């Protein structure tokens with residue numbers, strides 16, 4: 001998992017760059033991020049229910065926010 005993936009996901013989501021978000025969905029190593037992007041893009045393109053689109057959009061943003069707060073444990077080699 002690279003933090004830049006989350007930065008990119010946040011940027012693409014906020015600025016409506018859905019094509020770039022789709023490419024990120026395929027290339028990221030974070031399966032949860034990929035799934036959240038997939039659910040949002042599917043709802044955005046195919047759902048007629050605006051609340052479903054907004055819910056998936058918010059879920060994606062909440063996940064990105066949560067994942068960006070995670071700091072991997074630094075291990076020291078002796």
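Pop a pseudo-label 7 angstrom from the Cα along the beta-carbon direction at both residue 39 and residue 61 and give the gap in nm to one decimal.
Spacing of the two 7 Å Cα→Cβ label points: 1.6 nm.
What angle, in degrees between 0 and 90 and rounded to the nearest 10, separates the Cα long axis of helix 50-69 from the longest principal axis of the Cα atoms of the chain?
10
Compute the relative contact order of the chain as a whole-number percentage, counting only Cα pairs closer than 8 Å that sit 6 or more residues apart in sequence.
29
Between residue 31 and residue 69, 0.36 nm times their residue separation minus their Cα-Cα distance comes to what?
Values: separation 38, 0.36 × 38 = 13.68 nm, distance 1.73 nm.
Difference between extended and current length: 12.0 nm.
Relative to the first principal axis of the alpha-carbon coordinates of the chain, what is the inclination of helix 18-27, with its axis defined by its Cα atoms, in degrees from 0 to 90 and to the nearest 10?
Tilt of helix 18-27: around 40 degrees.
Using alpha carbons only, how many degrees (0 to 90, rounded to 10) separate the axis of helix 31-46 from the longest principal axis of the chain?
It is inclined by approximately 10 degrees.
Quick note: the coordinates plus some simple rules give every number you see, no bench work behind them. Computed from a predicted structure; not experimentally measured. Glycine also receives a Cβ, built like all others from the backbone with ideal geometry; neighbour counts cover every protein chain displayed.
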